[in-house]
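Accompanying notes for the structure given below.
The values are calculated or read from the model by the stated rules, or taken from the named source; none is laboratory data. The shown structure was predicted, so the numbers you read here are calculated from the model rather than taken from an experiment. Every residue, glycine among them, receives a Cβ derived from its backbone with ideal geometry; neighbour counts consider all protein chains shown. Please note that ligands, DNA and RNA were not included when accessible areas were found on the heavy atoms of the full protein model with its side chains. Shrake-Rupley method; radii C 1.70, N 1.55, O 1.52, S 1.80 Å.
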Amino acid sequence: MSDGRRLDVRVSGDPGDPPLVFHHGTPGAGTPIRAIERAAHRRGLRLVTTSRPGYGDSSRNPGRQVVDVVADTAAVLAALDAPECLIAGWSGGGPHALACAARLNGAAGALVIAGVAPYPAPGIEWMAGMGEENVTEFGAALEGEEKLRPYLNEVAGHLREAQVPDIISSLDTLLPAVDRPC
């Protein structure tokens with residue numbers, strides 16, 4: 001990046017196809033989800049994913065705000081010589097997709113899947129009904145980086161060593177009963 005940061009970018013598909021910029025959930029990095037990649041390619045789209053600052057191989061960007069993703073995405077699209085794109089994101093990537101949809105020149109359309117609600121917003125209890133892990137993480141985020149960073153470092157340590165049963169167990173309060181394993 002022009003400011004000296006490293007941004008982990010992955011691009012797949014035909015270079016002549018229009019890009020679909022996909023913003024991953026939290027935690028996660030820019031490694032494409034194969035089902036989304038296949039669906040994008042079948043529809044004549046080139047899939048572009050990035051790892052947000054501090055994720056994957058992307059450098060941290062202390063003090064970063066969600067809207068900062070717009071400049072990073074614009075730089076990636078300029079490097080790809082892509083004047084227009086589609087934007088998508090899910091879960092924690094939803095706000096990043098919305099920021100790009102609102103402020104990125106050339107964003108031709110946007111999709112948010114199970115995204116996070118705006119906060120604070122009058123009359124919206126945005127954490128109501130969320131799983132325990134989300135309430136803990138978002139609560140720490142609202143208190144600032146000095147509370148959030150130790151929480152994320154601990155979670156990252158557990159995820160690096162996690163096996164399938166550990167991942168399933170970690171999703172226990174995040175999934176409705178119908179999606180929990182028997």
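Could you run through segment 11-44 and say how many residues are under 14 Å from the mean Cα position of the chain (by Cα) and either open to solvent by less than 30 Å² (accessible area, probe 1.4 Å) or basic (Lys, Arg) (or both)?
Here the count works out to 9.
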Quiz item: Just one of the numbered conditions (1) touching a residue at least 24 places away in the same chain (Cβ under 8 Å); (2) not in a loop (DSSP other than H, G, I, E, B) is not true of Gly56; which one?
Solution: (2)
Quiz item: Could you give every pair whose Cβ atoms fall below 7 Å, whose first residue belongs to segment 132-146 and is within 20 Å of Arg64 (Cα to Cα), and whose second residue is in a helix (DSSP H, G or I), counting only separations of at least 6 or pairs across chains?
Solution: Glu137/Tyr151; Ala140/Lys147; Ala140/Leu148; Ala140/Tyr151; Ala141/Leu148
Exercise. Hand me the list of helices (runs of 4 or more DSSP H) wholly inside segment 80-182 holding 3 or more residues that are under 20 Å from Arg52 (Cβ atoms).
Key: 94-103, 132-143, 145-161
Quiz item: Is it fair to say Glu133 is open to solvent by less than 90 Å² (accessible area, probe 1.4 Å), at pLDDT 85 or above and at negative phi?
Solution: no
Exercise. Taking Ala141 as meeting all but one of (1) touching a helix residue (DSSP H, G or I) at 6+ places or on another chain (Cβ under 7 Å); (2) within 26 Å of Asp14 (Cβ to Cβ), write down the number of the exception.
Key: (2)
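Sort out which residues of segment 32-53 are assigned to a helix (DSSP H, G or I) and β-branched (Val, Ile, Thr), and write them in order of number. Break it down into steps so the answer makes sense when it comes.
Taking segment 32-53 as the starting set, the residues that turn out to be assigned to a helix (DSSP H, G or I) are 34-42.
Ile36, the sole residue that qualifies.
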Practice problem: Would you confirm whether any residue within segment 64-75 is of a type in the set (A, V, I, L, M, F, W, C), in a helix (DSSP H, G or I) and free of Cβ contacts under 8 Å to residues at least 12 places away in the same chain? | Solution: yes
Practice problem: Please give the number of the condition Leu86 fails out of (1) open to solvent by less than 50 Å² (accessible area, probe 1.4 Å); (2) among the hydrophobic types (A, V, I, L, M, F, W, C); (3) out of contact with any Pro (no Cβ under 6 Å at 6 or more places or on another chain). | Solution: (1)
